[in-house]
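Notes for the one structure printed next.
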Amino acid sequence: AGSSIRLTAHRERSVSGDRVVVAVADDGPGIAPEDRERIFESFYTANHGLADSHRSVGLGLSLCRSIALAHGGSIEVAAADPHGSVFTIELPAADVSFDKE
């Protein structure tokens, strides 16, 4: 409660290929360094109590990582300054066109 969330997205161009980078940052209590190493594992839950009065089963971030990897991307978490967390998702960029038939 009382935390704010910031979402940013941009395209990075490089010789090895363009990537779309999406970051989701909050200014909450953050995630302990020892938990950051494991939160993408299936069924792992960090011991921060119940954020929304429901207990997590530890599948959401594992699924996010699986989806990112399946599309040639990645997902990472880091500490935000002065507190909170930043989740960064990178995916290969592609131009999409739609036929209007």
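The values are calculated or read from the model by the stated rules, or taken from the named source; none is laboratory data. Computed from a prediction, not measured in an experiment: that's the story for all the values here. FYI the Cβ positions are ideal-geometry reconstructions off the backbone, even for glycines, and counts take in every protein chain you see. These area figures cover heavy atoms from the full protein model, side chains too; ligands, DNA and RNA do not enter into them. Shrake-Rupley method; radii C 1.70, N 1.55, O 1.52, S 1.80 Å.
Carbon-plus-sulfur fraction of the accessible area of the chain, 1.4 Å probe, in percent?
Summing carbon and sulfur atoms, their accessible area is 55 percent of the total for the chain.
Relative to the Cα centre, what is the charge dipole magnitude of the chain, using +1 at the beta carbon of each Lys and Arg, -1 at the beta carbon of each Asp and Glu, and rounding to the nearest 20 debye?
Details: 9 positive and 15 negative charges, 13 e Å.
It works out to roughly 60 debye.
Take the chain, mark every one of the chymotrypsin sites (Phe, Trp or Tyr not before Pro) that falls in a DSSP loop and has at most 11 other Cβ within 10 Å, then report the longest stretch left between them, sites excluded. Numbers along the way, then the final one.
Values: sites that count: F43, F98.
The segment 44-97 is the longest one with no such site.
Couplings for the stretch 65-76, taken from phi via the Karplus curve 6.51 cos²θ - 1.76 cosθ + 1.60 with θ = phi - 60°, read 5, 4, 5, 4, 5, 4, 9, x, x, 8, 9, 9 Hz in order; Gly and Pro are left as x.
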